[in-house]
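Engineer: Sharing a structure here in structure tokens format.
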Amino acid sequence: MRLVVHLRAHRERLGLTQAALAEAVGVSRKTVNTVENGVFVPSTELALRFARVLGTPVEVLFQLPD
Amino acid sequence: MPLTVARIETIRTACYAALGLTFLTTAVWTLATQSIPPVPSPVYAVLGLAVAAILFAVSAFAPRRAVDAAYDEGADRAWLRATAFGYWVGIGATVVLGNLIALGRIPPGPAFMGAAMLMAAAPFAHFLLAEARRGR
């Protein structure tokens, strides 16, 4: 099952680059890239850190497909 | 020159490339010539220890946050998959070269060394390819 990931849209809405988001969350830019592309499903902890930095509920960033 | 996440990743890539290329070159040479390379075996140990020392020093002197980011869960997963790939390469090499030994096509010594070096090279090759893809 693939997650529906809205990370890129919310990052770009805040005008953040992948590198800036990675710095804020404490991961590498490569990991942000793979999460945005749906290649890598982050842990619950990392998903929550993304949500906190972007000021968005985690279930808005990551959703199960219908 | 501050050790940023990108620099730590670059150093790790260079270290892994050095190990992977050494192991792969040795494997190809061993299997192609069917003889043990004329390289003293401690050379491999020294190379491995040198790489370990470099990576340890980088982790020790770089900012903790940059080290944690360079070795984050994405990198962990890439390495986990790379070692799994190495496991299957080891199984495959053992099966193929074991049969070639049984058929008398290759002496046991070079076959064992070739299989070991292929198994050693595989995780590094897989990880480096995965890292290249992750960066795109």
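The values are calculated or read from the model by the stated rules, or taken from the named source; none is laboratory data. All values reported here derive from a predicted model rather than from experimental measurement. Cβ atoms come from the backbone with ideal geometry, glycine included; neighbour counts cover every protein chain shown. When the accessible area is computed, the model is the full protein with side chains, heavy atoms only, and any ligands, DNA or RNA have been set aside. Shrake-Rupley method; radii C 1.70, N 1.55, O 1.52, S 1.80 Å.
Engineer: If you go through region A:39-56 one residue at a time, do you hit one that is β-branched (V, I, T) and farther than 25 Å from B:F127 by Cα?
Structural biologist: Within region A:39-56, the first condition is being β-branched (V, I, T), and the residues that meet it are A:39, A:41, A:44, A:53, A:56.
Retained after the next criterion (residues that are farther than 25 Å from B:F127 by Cα): A:53, A:56.
Yes, region A:39-56 has at least one match.
Engineer: Of all residues in region B:86-133 being touching a helix residue (DSSP H, G or I) at 6+ places or on another chain (Cβ under 6 Å), without any contact (Cβ under 8 Å) to a residue 60 or more places away in the chain and open to solvent by 30 Å² or more (accessible area, probe 1.4 Å), which is nearest to the other protein chains (Cβ to nearest Cβ)?
Structural biologist: B:H126
Engineer: Looking only at region B:1-31, which residues are out of contact with any Lys or Arg (no Cβ under 9 Å at 6 or more places or on another chain), over 22 Å from B:P123 (Cβ atoms) and open to solvent by 50 Å² or more (accessible area, probe 1.4 Å)?
Structural biologist: Step one: list which residues in region B:1-31 are out of contact with any Lys or Arg (no Cβ under 9 Å at 6 or more places or on another chain), which gives B:2-4, B:7-8, B:10-31.
Checking which are over 22 Å from B:P123 (Cβ atoms) leaves us with B:2-4, B:7.
Passing the criteria: B:P2, B:T4, B:R7.
Engineer: While we're here: For the subset of region B:67-85 comprising residues that are open to solvent by less than 10 Å² (accessible area, probe 1.4 Å) and under 14 Å from B:R7 (Cα atoms), which member is farthest from the other protein chains (Cβ to nearest Cβ)?
Structural biologist: Here the answer is B:V67.
Engineer: If you check every pair at least six apart or on different chains, which have Cβ atoms under 9 Å apart with a residue in region B:1-25 that is more than 14 Å from chain A (Cβ to nearest Cβ) first and a residue that is open to solvent by 60 Å² or more (accessible area, probe 1.4 Å) and in a helix (DSSP H, G or I) second?
Structural biologist: Note: pairs meeting the criteria are B:M1/B:R7; B:A14/B:I54; B:C15/B:I54; B:T22/B:V43; B:F23/B:M119.
Engineer: So, of the residues in region A:1-18 that are exposed (fewer than 15 other Cβ atoms within 10 Å of the Cβ) and not polar (S, T, N, Q), which turns out to be farthest from the other protein chains (Cβ to nearest Cβ)?
Structural biologist: Start the filter on region A:1-18 by keeping residues that are exposed (fewer than 15 other Cβ atoms within 10 Å of the Cβ), which leaves A:1-2, A:4, A:9, A:12-15, A:17.
Okay, now just the ones that are also not polar (S, T, N, Q), so A:1-2, A:4, A:9, A:12-15.
Numbers: A:M1: 17, A:R2: 16, A:V4: 19, A:A9: 19, A:E12: 18, A:R13: 23, A:L14: 20, A:G15: 21 Å.
So the residue we want is A:R13.
Engineer: Cβ contacts < 6 Å: first residue at positive phi, restricted to region A:21-39; second residue buried (at least 18 other Cβ atoms within 10 Å of the Cβ) and outside any helix (DSSP H, G or I), any location; separation 6+ or different chain. Result?
Structural biologist: Taking only residues 6 or more apart or on different chains, the pairs are A:G38/A:V5.
Engineer: State all residues of region B:32-62 that are open to solvent by 50 Å² or more (accessible area, probe 1.4 Å) and not in a helix (DSSP H, G or I); if no residue qualifies, say none.
Structural biologist: Correct list: B:Q34, B:I36, B:P38, B:V39, B:P40, B:S41.
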